[in-house]
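Worksheet for the structure shown next.
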Amino acid sequence: MSFAFYKILHFVGIITLFLGFGMMLASQLSEKVAGAVKNAKPMMVHGIGLVLILVGGFGMAAKAKFLGDAGIGEEGSVVAQSGFPNWFWAKFGIWVALGGAAAVIKRVPEKRTLWLLLVIILGTCAVYLGVAQPF
């Protein structure tokens, strides 16, 4: 598979993850208004998004030669050392936080505005780290 394939897979995973968050928050609103039955689909969509992000991210890392020797990675990215750079680990930490956020949103639904803002902020930080690769 190519670097572009893994990048597209990563982006599809991001879209799917945030769709899952939206579904969770919307279903909580509908349950509050209409007393609807709880639905497992938002959690499934969230989990599928997490898996796609993980596979796409590690696929891009392998193609960028983060896992190999120091040198030049695919698409001209310079890899100064073997192993993952610090920004990669920061993005992985955000991935873990976004994975746990679903449980928090389900347990404390009355703070849905706060959770929405925190999820958007975490997503924005992940985008910044992936684009700027600051450290």
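The values are calculated or read from the model by the stated rules, or taken from the named source; none is laboratory data. From a predicted model like this one, the values you see are computed outputs, not experimental measurements. Note that we place each Cβ from the backbone using ideal geometry, even for glycine, and neighbour counts take in every protein chain shown.
Restricting the first member to the stretch 105-122 and to residues that are outside any helix (DSSP H, G or I), and the second to residues that are at pLDDT 85 or above, the beta-carbon pairs closer than 9 Å and six or more apart or on different chains are Val108/Leu114; Val108/Trp115. Determine if the stretch 43-58 includes at least one residue that is modelled with pLDDT under 90 and within 24 Å of Leu9 (Cα to Cα). Checked against the condition, which is being modelled with pLDDT under 90 and within 24 Å of Leu9 (Cα to Cα), the stretch 43-58 yields no hits at all.
The number of residues in the stretch 94-111 being more than 17 Å from Thr124 (Cα to Cα), touching a helix residue (DSSP H, G or I) at 6+ places or on another chain (Cβ under 7 Å) and among the hydrophobic types (A, V, I, L, M, F, W, C) comes to 3. Exactly one residue out of Lys32, Lys65 is modelled with pLDDT under 90, farther than 29 Å from Trp115 by Cα and basic (Lys, Arg): that is Lys65.
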